[in-house]
1. Quote the Stokes-Einstein diffusion coefficient, in whole µm² s⁻¹, for region 2-188, based on the Kirkwood radius over alpha carbon pairs, a temperature of 37 °C and a viscosity of 0.692 mPa s.
2. Just tell me which lysines come within less than 23 Å, Cα to Cα, of K127; anything on the same chain fewer than 8 places away is out.
3. At R0 = 35 Å, how high is the FRET efficiency between R96 and A187 if r is their beta carbon distance? Nearest 0.05 is fine.
4. Using Cα pairs closer than 8 Å and at least 6 residues apart in sequence, work out the relative contact order for the chain, in percent.
5. What are the ³J(HN,Hα) values, in whole Hz, obtained from phi via the Karplus relation 6.51 cos²θ - 1.76 cosθ + 1.60 with θ = phi - 60°, for each residue of region 168-178 in sequence order, with x given for Gly and Pro?
6. Under a point spin-label approximation (7 Å from Cα along Cα-to-Cβ), what is the D88-K168 distance to one decimal in nm?
7. Please express the Cα-Cα pair-distance distribution P(r) of region 84-192 as a list of whole percents, one per 10 Å bin, running from 0 to the bin with the greatest distance.
8. Expected output is a single nm value to one decimal: the length gained when fully extending between K22 and E175, i.e. 0.36 nm times separation in residues minus the C-alpha distance. What is it?
Amino acid sequence: MKLYSFLYCLVYPFFHLLYPLKVVGRGKIPAEGCIICANHSSNWDAVFMAFALGRKAFPVFVAKAELSRIPVLSAILRRIRVIFVDRDANDTKALRQMLTAVSDGAAKLVLFPEGHRFSEGEAASAKAGAIVIASHANAPLLPVHIPRKKRLFRLNTVILGDPYAIGKVRGAERERATRELMERITALGNIR
């Protein structure tokens, strides 16, 4: 993970200058493998998550497959353990990679259940992938709220919620568990 640490240290000063970051609840990150789920409104969200988690977290990000087709970017993302997923198909290969990452004991799998970026006020329906992975891997979910409006040169607050377990979830229960996850993420945005 030397490349991840190098990029983190290289980008952080510039990012922090543009988007000063306050992180609430970093101590809530489980020591064991977990699935970190956040709302998604900007291309910057993954960067916000990386810096919110801290340099030593070494998260495994899930990203859209389209990014794997950009030659230089794809090579860098693969080296820092990004898992590419085809959002328009039942991508079982990506699902297996995510399960393996979480099951290895300490990996922090980061994904955005909404699947696409949504602006404030837009209705967002989340995908059940995080629930499927948490259920199969018996790993806790950690809801995170990233501000939808990122403010240049002003403090931006990322809030990490309490991790929680869902146990084994099947069939129609997945939809309910997905709604609950998104409700927890949204509720964090109301904390001042």
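1. Values: Rh = 16.7 Å.
Reported coefficient: 196 µm²/s.
2. K64, K93, K108, K149, K168
3. Efficiency for this residue pair is about 0.65.
4. On the way: 325 pairs, mean separation 60.7, N = 192.
Rounded, it is 32 percent for the chain.
5. Calculated HN-Hα couplings, in order: 7, 10, 10, x, 5, 5, 4, 5, 5, 5, 5 Hz.
6. The answer from the label model is 3.6 nm.
7. 13, 43, 34, 10, 1
8. On the way: separation 153, 0.36 × 153 = 55.08 nm, distance 3.20 nm.
Full extension from K22 to E175 adds 51.9 nm.
Values in this text are rule-based calculations from the coordinates and carry no lab data. Treat the numbers as computed from the prediction; the structure is a model and nothing was measured. Note that we place each Cβ from the backbone using ideal geometry, even for glycine, and neighbour counts take in every protein chain shown.
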